[in-house]
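J.: Here it is, the structure, as structure tokens.
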Amino acid sequence: MSTTTTTKQKGKCFMAIYKTNHKSMDYRFTVTDKNDSDLIALKRMVRQHNKRVGNPYYYVPRLRVSLRARGNRKVHAINDGLRARAYDQQLPHKYASHFDVYVSEVHTPYTSQQLENMCTRHTFRLMTYAKRINHK
């Protein structure tokens with residue numbers, strides 16, 4: 001199903017899921033049921049990550065867990081009265097034999113507070129650098 005390793009580093013627990021034969025960097029693993037324990041654990045980790053994202057000083061992207069339905073498409077499309085290739089891009093979840101799990105970043109625009117803090121930090125760095133050059 002999936003290769004999952006959990007490691008401890010400096011008091012923090014990291015979960016790494018590896019799958020090498022997929023083209024997408026967002027792909028994590030495949031499940032046969034939406035109630036799979038690995039999927040539930042991943043959703044919990046993403047939910048905890050997204051709760052901590054609200055720091056106005058640094059931009060950390062929110063994450064999203066997506067399920068892509070996989071399985072026989074042609075039979076279900078014909079049974080639904082559609083053309084045979086109707087479900088080639090999106091198979092409805094009710095017809096899926098398994099699901100591919102993806103974790104992707106949700107790109108949100110910077111808030112005005114984040115932009116102000118970035119400008120302040122960069123201005124301070126430039127002033128500090130200019131002082132060091134003038135003192136040499």
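J.: Within region 29-58, track down each residue that is touching a Leu at 6+ places or on another chain (Cβ under 8 Å) and modelled with pLDDT under 90.
T.: His49, Asn50
J.: Also: Collect the residues in region 96-127 that are modelled with pLDDT under 75 and within 30 Å of Asp38 (Cβ to Cβ), keeping them in residue-number order.
T.: His107, Thr108
J.: Here's a follow-up. In region 59-94, what residues are of a type in the set (A, V, I, L, M) and at pLDDT 90 or above?
T.: Residues satisfying the conditions are Leu63, Val65, Leu67, Ala69, Val75, Ala77, Ile78, Leu82, Ala84, Ala86, Leu91.
The values are calculated or read from the model by the stated rules, or taken from the named source; none is laboratory data. Since the model is a prediction, treat every value here as computed from it, not as a measurement. Here Cβ is always computed from backbone atoms with ideal geometry, including for glycine, and neighbour counts include all displayed protein chains.
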